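Asker: Mind looking over this structure? Questions follow.
The values are calculated or read from the model by the stated rules, or taken from the named source; none is laboratory data. All values derive from a computational prediction rather than experimental measurement. When we count neighbours, we look across all protein chains shown, and the Cβ atoms used for this are built from the backbone with ideal geometry, even at glycine. Just the protein is used for accessible areas: all its heavy atoms, side chains included, with ligands, DNA and RNA removed. Shrake-Rupley method; radii C 1.70, N 1.55, O 1.52, S 1.80 Å.
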Amino acid sequence: VFQFKSRNQREYQKFLQPDNIEHLIAANALIRPGPMASKAHRDFVDIKDGKKLSDFDKGMEEVVKDTYGLYIYQEQIMQAMVVGGMSLSEADAVRTIIKHFNKEDMKKFKDKFIKGIIKIHKYEKKDAEIVWNKLMAFSSYGFNRSHSCAYAIMGYWCQFLKVYYAKEFWMANLEYANEEDRVDYINRILLSYLKEVNLVYPDINRSKIRFTLDGKEIVWSLSRIKGVGEKAALAIIKARKDKNFKLI
């Protein structure tokens with residue numbers, strides 16, 4: 001399904017055993033090259049399962065409460081900057097700099113953050129430096145929570161439909177897939193969904209312009225036959241009207 005169909009994501013979902021939507025949102029952000037290279041995706045699961053303890057930086061508890069002390073999203077880096085005394089506009093400027101991987105521009109915000117977090121949260125300077133360095137390390141691969149959230153919800157909806165409305169789910173997938181994916185979907189239906197879904201191949205008397213449902217059967221689309229366009233499909237439907245073609 002959308003965003004969760006890659007091999008890495010399928011394997012990670014088995015490892016993660018998500019309990020709620022926040023876990024799916026995090027998974028979308030974690031299964032990417034940066035977090036995986038730093039093992040953040042494994043740390044997330046180990047903390048979730050109680051194999052490791054969460055490490056919350058002072059003052060950042062609300063920022064990372066849903067991610068077990070880990071900075072996963074760009075928005076968390078922005079929130080952390082506000083905790084360190086920056087304005088919302090400055091935090092947004094940091095987000096833009098992160099987006100363009102501009103480490104030189106990032107340095108100008110460092111002093112303000114260090115001074116702010118020392119004053120507001122009584123950090124020792126060396127500890128403030130550690131927090132800054134941690135934020136910079138995470139910011140190099142931080143993904144947008146807004147995107148991750150939308151992806152996770154859509155993926156969850158797709159999975160729900162796949163489980164509880166398999167015929168409708170596969171019909172829609174066959175209708176809108178490209179040719180390569182359509183072959184993959186056919187194989188999946190034939191291997192896994194024969195009890196719930198029966199795929200009827202092109203039938204001059206039953207097929208319509210689009211893929212259609214007839215009971216538990218998905219009837220193949222005339223316009224998805226190679227070499228048959230929508231005009232030809234319409235002509236076939238018009239010619240047969242209410243009577244079937246006879247095979248001679």
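Asker: When you look at residue 163, is it closer than 30 Å to residue 36 by Cβ, in contact (Cβ under 8 Å) with a residue 40 or more places away in the chain and not polar (S, T, N, Q), yes or no?
Answerer: No: the conditions fail for residue 163.
Asker: If you check 154, 171, which single one turns out to be farther than 29 Å from residue 71 by Cα and either among the acidic types (Asp, Glu) or touching a residue at least 12 places away in the same chain (Cβ under 8 Å) (or both)?
Answerer: When all the criteria are applied, what remains is 171.
Asker: Among the residues of segment 43-86, write down those that are part of a loop (DSSP other than H, G, I, E, B), within 25 Å of residue 14 (Cα to Cα) and out of contact with any Gly (no Cβ under 9 Å at 6 or more places or on another chain).
Answerer: 49, 50, 51, 52, 64, 68, 69, 70
Asker: Does residue 170 fit the bill of being surrounded by 12 or more Cβ atoms within 10 Å (Cβ to Cβ), assigned to a helix (DSSP H, G or I) and out of contact with any helix residue (DSSP H, G or I) (no Cβ under 6 Å at 6 or more places or on another chain)?
Answerer: no
Asker: Could I ask something else about it? Select from segment 139-151 the residues that are closer than 16 Å to residue 99 by Cβ and either among the aliphatic types (A, V, I, L, M) or touching a strand residue (DSSP E or B) at 6+ places or on another chain (Cβ under 9 Å) (or both) and write down the one among them that is modelled with the lowest pLDDT.
Answerer: 142
Asker: Give the residue that is modelled with the lowest pLDDT, with candidates limited to residues of segment 199-228 that are within 16 Å of residue 167 (Cβ to Cβ), open to solvent by 60 Å² or more (accessible area, probe 1.4 Å) and outside any loop (DSSP other than H, G, I, E, B).
Answerer: That would be 214.
Asker: Could we say that residue 151 is open to solvent by 90 Å² or more (accessible area, probe 1.4 Å), under 20 Å from the mean Cα position of the chain (by Cα) and under 30 Å from residue 18 (Cβ atoms) here?
Answerer: no
Asker: Can you tell me which residue among 39, 48, 5 is among the basic types (Lys, Arg), surrounded by fewer than 17 Cβ atoms within 10 Å (Cβ to Cβ) and more than 12 Å from the chain's Cα centre (by Cα)?
Answerer: Result of the check over 39, 48, 5: 39.
Asker: Does residue 54 fit the bill of being open to solvent by 60 Å² or more (accessible area, probe 1.4 Å) and either touching a Leu at 6+ places or on another chain (Cβ under 6 Å) or hydroxyl-bearing (Ser, Thr, Tyr) (or both)?
Answerer: Considered against the rule, which asks whether it is open to solvent by 60 Å² or more (accessible area, probe 1.4 Å) and either touching a Leu at 6+ places or on another chain (Cβ under 6 Å) or hydroxyl-bearing (Ser, Thr, Tyr) (or both), residue 54 comes out as no.
Asker: What number goes with the only condition from (1) touching a helix residue (DSSP H, G or I) at 6+ places or on another chain (Cβ under 6 Å); (2) modelled with pLDDT of 90 or more that residue 163 does not pass?
Answerer: Here residue 163 meets the rest and fails (1).
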